[in-house]
1. Taking the convex hull of the Cα atoms, report for segment 1-135 its projected area averaged over all directions, in nm².
2. Cut-off 10 angstrom, C-alpha nodes, Gaussian network model of the chain. Which of 186, 204, 258 fluctuates the most?
3. When the distances between all Cα atoms of segment 55-107 are binned every 10 Å from zero, what whole-number percent does each bin get?
4. For the chain, report the % of Cα-Cα distances exceeding 22 Å.
5. Over the Cα atoms of segment 157-200, compute the convex hull volume and normalise it per residue, giving Å³.
6. Can you pull the one-decimal nm distance between simple spin-label points at residue 239 and residue 18, each 7 Å off the Cα toward Cβ?
7. Restricting to DSSP H runs of at least four residues, report the calculated mean residue ellipticity at 222 nm for the chain, -39500 (n - 2.57) per run over all residues, nearest 500 deg cm²/dmol.
8. If you wrap segment 99-207's Cα atoms in a convex hull and average its projection over all directions, what's the area in nm²?
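Rule-based calculations on the coordinates, nothing more; no lab input. Every value quoted in this text rests on a predicted model; they were computed, and no experiment measured them. Methodologically, a virtual Cβ is constructed for each residue, glycine included, from the backbone with ideal geometry; neighbour enumeration extends over all protein chains shown.
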């Protein structure tokens, strides 16, 4: 039986505007993710953006000429994404669908050159549900197509939690549940951000079990922990050089898990 994720839908329906600025707060995550998109996306074609949110990647992909299908669980986020697409005159490049990543029945098999699964996997706290989402991405991809999946690191979040909610450490039952199981204890009331925090060793096997060949597992915020501000204020040559270096080390095994957000890139055999 699928987990009930209506609380996640409600969370994003109530916090849609906050998603407009999320990638502005986490600029290194965005910039390194784009390096991997530029490296592994085809030069043109069709992209399924599952967990599109307010359009953080959808809009730029549409500007680049891709035909994008933007999917999200939240009606409010899809409405916000559609509004932004229309404001930029990109509506010919983007179609919209409200759907659950675990059931993309409205989308045909082998339809897309690439699938972005950036968000759903860190809200599916049940392993079977994460596998369902990965299988759906596999089904929708053309042979030879590429998947990009995002995760939140179980240990990479600790610096951010210490910075933003330091009193969390005093709730030792919650701490042990996250460290040992990757999620809040099952008995906790729902509401707010409910997620699954992954160990790096889980990521490739999850995808490979449904048929993907692994290309990359990377940390997209290497070496900065919770310190977004130091990267965000860089500009010009200095910013580019730091980005070059951090992208270069983003697959270094010794630091991947220290990144808050993790990225998997895989290919459907063709």
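1. If I average the Cα hull's projected area over directions, I get 8.1 nm².
2. The residue that fluctuates most here is 186.
3. The distribution over segment 55-107 is 27, 54, 19, 0, given as percents.
4. 56
5. Spread over its residues, the Cα hull of segment 157-200 gives 80 Å³ apiece.
6. Going from the residue 239 label point to the residue 18 one covers 2.5 nm.
7. -11500 deg cm²/dmol
8. 7.7
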